[in-house]
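Just so you know, all these numbers are worked out from the coordinates, no wet-lab data involved. Not measured: the values here are computed from a predicted model. Here the Cβ positions follow ideal geometry from the backbone for every residue, glycine too, while neighbour counts run over all protein chains shown.
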Amino acid sequence: MKNCYLLFCLFTCIGLYAQSPQMGNLVINEFLASNDSTVADQDGEFDDWVELYNLTDIEISLDNFFLSDDPEELDKWTFPAGTLIPEGGYLIIWADDDEEQEGLHASFKLSADGESLILSDQDTLVIDSLSFPEQFTDTAYARIPNGTGNFVYQSPTFAADNGNAVSVRRVGFLGKKLSVFPNPAAEHVNLTLSEALSEVLTFNLIDATGRVVIDGSIPKGSLEQSISIRELSNGTYFLRFTNGKSVEMRRILVQPN
């Protein structure tokens, strides 16, 4: 009986350890190969970016996985140890050939003239790949339906469901109606509207990898909301505001006093 129990534990542990992304479970979901004015990285640079999407209900480790734009060099860039993508979540990699920057910055840039993009595992077995055609400024190439469909040109949906097919801009439907201050901020950020909206304004605070760290909303008819950021690490974050079919992004910097 004892031996059976030990065997059960052994095979259970092996099963848990062996859980790794299979083709179709972790995908290249969207990318932007010519970024002029959409979303900037933590240093305020408008670089190319690639979005991965985890279709499973378990967190996936990308330790020693690879991303490349060269089919002859699959291990061109290695994900740092400890890189995780949450269940049903997104991960952003900046393709800017600037590995000295903090965060996920690949060792290559994307060509807007068209090329390849390949995601592979520790053994350089391809998890997902595509060859893409010419790309256009501030226009993403994204899977529709989200995570499973073919790639189409559309407005970028940085770290969000591609099916929304909405415009993501630094200044858009809110414009001067919304103030975000202080910025830089240390303990809290105040959101203030100059006039009340007729619908709830929802928002997400997203870090530079595309991970949502705070969710919230400004109720219909309200003018103010305060966000506590005391527990956040220093760096650049993005506030994504959603109101019906409209989306707008604002960049904030979290740093100590």
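Here are the numbers for the structure shown:
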read-out: Overall Cα dimensions of the range 37-184 - principal axes, largest extent first, Å; value: 51, 34, 33
read-out: Taking the chain and dividing mean pair separation by its residue count, relative contact order in percent (alpha carbons under 8 Å, at least six apart); value: 16
read-out: Considering only the chain, percent of DSSP beta bridges that pair antiparallel, nearest 5; value: 95
read-out: Percentage relative contact order, the range 175-254, counting C-alpha pairs under 8 Å, at least six apart; value: 31
read-out: HN-Hα J in Hz across the range 24-34 - Karplus 6.51, -1.76, 1.60, θ = phi - 60°, x for Gly and Pro; value: x, 8, 10, 10, 6, 9, 6, 8, 10, 9, 8
read-out: Two-decimal Rg/Rh across the range 19-88, once Rg and the Kirkwood Rh are taken from alpha-carbon atoms; value: 0.99
read-out: CD proxy at 222 nm, helix term only [per DSSP H run n ≥ 4: -39500 (n - 2.57); per residue of the chain; nearest 500]; value: -2000 deg cm²/dmol
read-out: Positive-end extreme of charge dipole, the chain - chosen from 90, 127, 244 (charges on Cβ); value: 244
read-out: With 10 Å bins from 0: P(r) over the chain, alpha-carbon pairs, percent; value: 7, 29, 32, 19, 9, 3, 1, 0
read-out: Between helix 2-18 and the chain: long-axis angle, C-alpha atoms, 0 to 90°, nearest 10; value: 50
read-out: Length added when fully stretched, residue 107-residue 176, from 0.36 nm per residue minus Cα-Cα; value: 21.1 nm
read-out: Highest-first arrangement of 131-142, 220-231, where packing means the average Cβ count within 10 Å; value: 131-142, 220-231
read-out: Those residues of the range 84-100 whose amide nitrogen sits under 19 Å from the label point placed on residue 57, 7 Å along Cα→Cβ; value: 85-90
read-out: Cβ-placed point charges (K, R +1; D, E -1), dipole of the chain about Cα centre in debye, nearest 20; value: 1380
